[in-house]
Amino acid sequence: MKLIEKYFYSAQFALSKELTGIFVIVLIFIFFPYGVRMVDSSAAAIDPGIYSAIILAVSAILIFKAGTWWIIKVIWPVFAEYSSQQFERNFRGLIATQKVLIYLGFYLSIFYAFVIVLAALI
């Protein structure tokens, strides 16, 4: 119960960068077709749809990033605290090849997870 109170009822769940980005991209997604029609009244229905697909992809990435970070904070709070306070100092002490391997390992694992989830949704 304390874990739920910690992440849902406290001020720690404040408006973060991810949530701000999600809010902005949702507003852009909602108002973009009207904006395109105001600029170009001859725009076909497909024109806003094509550009909205890009906006939808960006929103999917932001939602995935916010969701995974929230899950990390809930499941592994020690890892979340370590990553926000000590990871940068330890990462700077590594040699260049170790930095590249760690960076690519994290990036590719998150990217593949995103692609698998997106493929499952489609």
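The values are calculated or read from the model by the stated rules, or taken from the named source; none is laboratory data. Predicted model, so just to flag it, every value in this text is computed and none were measured. Virtual Cβ from ideal backbone geometry, glycine too; neighbours counted across all protein chains shown. Surface areas here come from the heavy atoms of the whole protein model, side chains and all, with no ligands, DNA or RNA. Shrake-Rupley method; radii C 1.70, N 1.55, O 1.52, S 1.80 Å.
Once you place label points 7 Å from the Cα toward the Cβ at residue 69 and residue 122, how far apart are they in nm?
If labels sit at residue 69 and residue 122, their model points lie 2.6 nm apart.
Using a Förster distance of 35 angstrom, determine the FRET efficiency expected from the C-beta separation of residue 114 and residue 40, and round it to 0.05. Please report the intermediate quantities before stating the final value.
Details: r = 33 Å, r/R0 = 0.94.
Efficiency, from the Cβ-Cβ distance: 0.60.
Which log10 I(q)/I(0) values does segment 45-120 give at q = 0.13, 0.22, 0.23 Å⁻¹ under the Debye formula, counting every alpha carbon as one identical point scatterer?
-0.58, -1.11, -1.14
Can you give me the % of accessible surface on segment 65-122 that is carbon or sulfur? Probe 1.4 Å, all protein chains present, nothing else counted. Don't skip to the answer; put the middle values down first.
Working: 3490 of 4810 Å².
Reported share for carbon and sulfur atoms: 73 percent.
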